[in-house]
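A short worksheet on the structure shown next.
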């Protein structure tokens, strides 16, 4: 089970969701319910640099994409940060599924948190 924390700066419309440990479906379901239930920010970072998503199924990711798609917004950016190639590849799969599903917001994967912050904060 992963340790998940959510830090939201409503004034700046910026959120960081930090995930540590091995992620299970219930961990992300709880995050989606809590975070998306409170109107998502225009800039979001999923920092999984200390976490692993490799236990999750392809079917779970499809459900996650379907569940969160109605909340995607033009101009919003979501960055996912991973520390290794396996998790980065999983992130790219999520990114592709979101593109195919017609998400309005931009999604990118990164290896470094600093690069993700720079990208989501550049809203041009």
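The values are calculated or read from the model by the stated rules, or taken from the named source; none is laboratory data. On a predicted model such as this, the values are computed, not experimentally measured, just so you know. Methodologically, a virtual Cβ is constructed for each residue, glycine included, from the backbone with ideal geometry; neighbour enumeration extends over all protein chains shown.
Summary table below
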| item | result |
| --- | --- |
| Selection from region 73-92 of residues that are within 21 Å of residue 25 (Cβ to Cβ) and out of contact with any strand residue (DSSP E or B) (no Cβ under 7 Å at 6 or more places or on another chain) | 84, 86, 89, 90 |
| Tally, over region 66-91, of residues that are under 12 Å from residue 40 (Cα atoms) and surrounded by fewer than 18 Cβ atoms within 10 Å (Cβ to Cβ) | 4 |
| Out of 107, 94, 45, sole residue that is in contact with a helix residue (DSSP H, G or I) (Cβ under 9 Å, 6 or more places away or on another chain), closer than 16 Å to residue 4 by Cβ and buried (at least 18 other Cβ atoms within 10 Å of the Cβ) | 45 |
| First in region 40-61 and over 20 Å from residue 84 (Cβ atoms), second anywhere and modelled with pLDDT of 90 or more and assigned to a strand (DSSP E or B), Cβ under 6 Å, 6 or more apart | 43/77; 44/78 |
| Residue check, residue 112 surrounded by fewer than 19 Cβ atoms within 10 Å (Cβ to Cβ), closer than 19 Å to residue 8 by Cα and either at pLDDT 90 or above or touching a strand residue (DSSP E or B) at 6+ places or on another chain (Cβ under 7 Å) (or both) | no |
| The listed residue being over 19 Å from residue 109 (Cα atoms) and touching a strand residue (DSSP E or B) at 6+ places or on another chain (Cβ under 6 Å), out of 45, 8, 17 | 8 |
| Selection count, region 20-42, where residues are part of a helix (DSSP H, G or I) and more than 16 Å from residue 6 (Cβ to Cβ) | 1 |
| Unmet criterion (only one of (1) more than 23 Å from residue 23 (Cα to Cα); (2) part of a helix (DSSP H, G or I); (3) touching a strand residue (DSSP E or B) at 6+ places or on another chain (Cβ under 9 Å)) for residue 95 | (1) |
| Residues being farther than 20 Å from residue 18 by Cβ, assigned to a loop (DSSP other than H, G, I, E, B) and free of Cβ contacts under 8 Å to residues at least 40 places away in the same chain - total across region 106-124 | 2 |
| Lone qualifier among 54, 48, 39 - being under 24 Å from residue 115 (Cα atoms) and either modelled with pLDDT under 90 or more than 14 Å from the chain's Cα centre (by Cα) (or both) | 54 |
| Scope region 76-91; condition in contact with a helix residue (DSSP H, G or I) (Cβ under 7 Å, 6 or more places away or on another chain) and modelled with pLDDT of 95 or more; matching residues | 79, 80, 81, 82 |
